[in-house]
Amino acid sequence: MRTKWFLTGTLALLAALPLPALAQNTPTPAPTPVEATALPPAPTEEVPLAEPTPIAVGDEVTGELTEEAPNARYVFTAAAGEQVVITHVSEDFDSYLILSDAEGNTISTNDDGAGNLDSRITTTLADAGDYIITVDSYPHYAGSGVAVGAYTLTLTGIQIEVVEPGETVTGTLGNGTIEQQYVFRASPGSSVTITMISDDFDTYLYLYDSSGFEVDSDDDSAGNLDSRIGPITLNDSEYTITATSFSRSESASGTYTLRIDSVQLQTIAFDEPVTAELNTGARQAYFTFEAGIGELIDVTVDGEIDTNLQLLDPSGYSLVQDEDGGAGVNPELTQYSLTSTGTYTLIIGTLFDDPGSFTVTVTRAERPSLNDGPVSVTFTTFQTRSYSFDAEANTSYTVTLEISNASEGAYTSPSVDVQQDGISLASVNASNADLVTFQFEAPEDGELVVNLSEYSYANTSVTISITNTGE
């Protein structure tokens, strides 16, 4: 590369004069030397990538990364819409995976998706053709060094099973399988529940419509680390379920059951009893009602069969369950404070084959006040209670919970949340206590809502009070 210099102004004029003329003028100081700028080195020729090694879905291969070959490439052919799982495991280094199309465009990368510094990519391939897997180490990928050692690469496909509403299927996770997919078809406008249960791992569910959009997902709505989506009203004719674990890794292994149930949602109005029937073909009945945040409700169930109830919030999350809180073998909710505004779902079910009918009633409850002193309540099963209190701004208060039947060996495991205008001012959790006390300050004048939940699952009597401890 050559550098061109251009003279301007006086220097250009002097350069144009003849040499004698220059001698007649006062000598001009020599210009200050300009340090030459080093030219960038010529670009080095790129080292061509080695041809990738063929691999097929279902294959497991082993290899080794070295300083001379710090990564390795594999190629496989896939059909449009094919779903694959790529797993890269090493005991010698922190693995890294890259998936690219045939033109070298990166589709996905992963560092620790398989757990224990191992990598996994689970993906649906949009187009038919060749795809490149690059097996790497995280240090080499990040540019911080080279990691060497042995590795194992597996490429597996995801089998999609067709299921029908009303059907229960059994599956297994582990041994390279971290998820299983199912397709079901239903009429738009119908409603279903999807339940996944396992005694071996923490389950997780995803639901996608026919365009691949994630409609819903769930972790623990079925209780005991089990998952349930719904009741949900369908807008499409075909859906895909992904049944997996919460960790989505090989550390979660074992069997599970998955069930899809068609359900009939019945709207229930406040203070209007509704009668329904349960039998071996329909062990659960579903009711919906509209309510607002902070509203207090009572739910009573009256029937001769042994039933249980579950209340879901507008997003489908299980808020509370009860089995025998009411008279006889009937469940009941008393003074339950709702957490948001929207459509709630009430599920009344039975675990037994004996058919029978029941009547359910949802009513708005009046929130007891703590203004006039302590209030006592007895919990026979898991229940919640809610109280009001008129507070003054910038004033400190003390909340006290004391066991009334402590002499009988009773104790309390409460969760207490104090709110004002829907904002939590203080919350406390305790276990196996006979006395709980804590302080908070009210920022404004107005009503406080004190929500009390009891988790001791025992016959416990609690006295709750709020006292003014000054400004």
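Of the residues in segment 400-422, at least one is outside the structural domain of Ala327 (by TED's automatic domain parsing), without any contact (Cβ under 8 Å) to a residue 12 or more places away in the chain and not in a loop (DSSP other than H, G, I, E, B). Looking at Thr255, is it more than 22 Å from the chain's Cα centre (by Cα), modelled with pLDDT of 85 or more and not hydrophobic (A, V, I, L, M, F, W, C)? When the stated conditions are applied, Thr255 does not pass them.
Restricting attention to segment 314-322, does a residue exist that is over 30 Å from Val377 (Cα atoms), of a type in the set (Asp, Glu) and part of a strand (DSSP E or B)?
Initially, segment 314-322 is screened for residues over 30 Å from Val377 (Cα atoms), giving 315.
When the remaining residues are screened for being of a type in the set (Asp, Glu), the result is none.
The answer is no, given that none of the residues of segment 314-322 is over 30 Å from Val377 (Cα atoms), of a type in the set (Asp, Glu) and part of a strand (DSSP E or B).
For first residues located in segment 288-308 and at negative phi and in contact (Cβ under 8 Å) with a residue 12 or more places away in the chain, partners that are assigned to a loop (DSSP other than H, G, I, E, B) and hydroxyl-bearing (Ser, Thr, Tyr) and lie 6+ apart or on another chain with Cβ distances below 7 Å form the pairs Gly292/Thr341; Ile293/Thr339; Ile293/Ser340; Ile293/Thr341; Val301/Thr307; Ile305/Thr350; Asp306/Thr350; Thr307/Thr350.
Among residues of segment 456-471 that are more than 26 Å from Asp390 (Cβ to Cβ) and in contact (Cβ under 8 Å) with a residue 24 or more places away in the chain, those with a Cβ under 9 angstrom from a residue that is charged (D, E, K, R) and surrounded by fewer than 18 Cβ atoms within 10 Å (Cβ to Cβ), sequence gap 6+ or separate chain, pair up as Asn459/Glu408. For the residues Tyr286, Tyr317, the requirement of being surrounded by 19 or more Cβ atoms within 10 Å (Cβ to Cβ), among the hydroxyl-bearing types (Ser, Thr, Tyr) and either out of contact with any strand residue (DSSP E or B) (no Cβ under 9 Å at 6 or more places or on another chain) or over 30 Å from Asn175 (Cα atoms) (or both) singles out Tyr286. Here the condition is being in contact with a helix residue (DSSP H, G or I) (Cβ under 7 Å, 6 or more places away or on another chain), closer than 25 Å to Gln180 by Cβ and either in the same structural domain as Thr242 (by TED's automatic domain parsing) or modelled with pLDDT under 95 (or both); of Asp127, Asp59, Asp111, it holds for Asp111 alone.
In segment 182-195 there is at least one residue matching the filter, namely being under 12 Å from Ala243 (Cβ atoms), under 19 Å from the mean Cα position of the chain (by Cα), surrounded by 20 or more Cβ atoms within 10 Å (Cβ to Cβ) and at pLDDT 90 or above.
The values are calculated or read from the model by the stated rules, or taken from the named source; none is laboratory data. Computed from a predicted structure; not experimentally measured. Cβ coordinates were reconstructed from backbone atoms using ideal geometry, including for glycine residues, and neighbour counts include every protein chain displayed.
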